[in-house]
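J.: My questions will all concern the structure given below.
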Amino acid sequence: MGVSAAGKSTVGIALAAALGVTFEDADPLHSEANRAKMNAGTPLTDEDRWPWLDAVGGRFAAHESDGLVLACSALRRVYRDRIRAAAPGVLFVHLHGSRELLGSRADARTGHFMPPALLDSQLATLEELESDEAGMVVVVDKTPEEIVREILERLGVRSGR
């Protein structure tokens, strides 16, 4: 989880490979209308997000027996609660970075539907994981390999599943 440009897809792909599970990105689960709004620089409302969050929870639930790493913003507690309603065992890895780092990454991306202009809106929306939420915060000022290694260590996983 995390804001745009935190490295959710890059880290997620590598983490899924290390764990031997499927990787998916939540972005394609958005409706065409949601993607158009974001592409136009318009932040989504909660009403826009509910069907998407239900789809995200459904993907986790569908992979309960075989595991799934899914890149998803999940910025607010209520969004994470909505996902957990469908998949209670989900663990969130919050990829966290400074505004400066995330901004430079967002500015360097090409062909992504989420414009850099929405980063500040996402940062304002972000609610940190609370102590009763299963998950961890990982700072993304390292290489993707170092980030994955840290996640695996914190999960108590040496290699493979």
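J.: Subtracting the Cα-Cα distance from 0.36 nm times the residue separation, let me have the gained length for THR42 to GLU150 in nm, one decimal. Can you show the working numbers first?
T.: Numbers: separation 108, 0.36 × 108 = 38.88 nm, distance 3.45 nm.
So the extension gain works out to 35.4 nm.
J.: Leaving out ligands, DNA and RNA, and with a 1.4 Å probe, what % of the accessible surface on the chain is carbon or sulfur?
T.: Working: 4240 of 8090 Å².
Of the solvent-accessible surface of the chain, carbon and sulfur hold 52 percent.
J.: What are the semi-axes of the equivalent ellipsoid for the stretch 13-60, taken as the square roots of 5 times the Cα gyration tensor eigenvalues, largest first, in whole Å? Intermediate results must be reported in sequence, preceding the final value.
T.: Values: eigenvalues 128, 32, 11 Å².
Gyration-tensor ellipsoid for the stretch 13-60: 25, 13, 7 Å.
J.: Here's another thing I want to ask about it. Using only DSSP helix segments of four residues or longer, with each worth -39500 (n - 2.57), what per-residue ellipticity at 222 nm results for the chain after dividing by its residue count and rounding to 500? Please report the intermediate quantities before stating the final value.
T.: On the way: 7 runs with 76 residues, N = 161.
Helix contribution divided over all residues of the chain: -14000 deg cm²/dmol.
J.: In nm, what is the difference between 0.36 nm times the number of residues separating SER9 and MET136 and their Cα-Cα distance?
T.: Details: separation 127, 0.36 × 127 = 45.72 nm, distance 1.70 nm.
That pair, SER9 and MET136, stretches by 44.0 nm at full extension.
J.: With a cut-off of 16 Å, note down the residues of the stretch 73-88 whose backbone N falls inside the zone around a label point 7 Å from the Cα of ASP25 toward its beta carbon.
T.: Once the point is set 7 Å along Cα→Cβ of ASP25, 73-74 turn out to lie under 16 Å by backbone N, inside the stretch 73-88.
J.: Would you work out if the stretch 23-148 is rounded, prolate or oblate? Take a ≥ b ≥ c from the square roots of the eigenvalues of the alpha-carbon gyration tensor; rounded if a/c is under 1.5, else prolate when a/b is larger than b/c, oblate otherwise.
T.: Oblate shape, in that a/c is at least 1.5 and b/c is the bigger or equal ratio.
J.: I've got another one for you. So if each residue of separation counts as 0.36 nm, and I subtract the Cα-Cα distance between VAL157 and ALA62, what length gain in nm does that give? Write out the running numbers ahead of the final one.
T.: On the way: separation 95, 0.36 × 95 = 34.20 nm, distance 2.29 nm.
Roughly 31.9 nm would be gained on extension.
The values are calculated or read from the model by the stated rules, or taken from the named source; none is laboratory data. This structure is a prediction, so every number in the text was calculated from the model and none was measured. We place every Cβ from the backbone using ideal geometry, glycine too, and count neighbours over all the protein chains shown. Remember, those area values only see protein heavy atoms, side chains included, never the ligands or the DNA or RNA. Shrake-Rupley method; radii C 1.70, N 1.55, O 1.52, S 1.80 Å.
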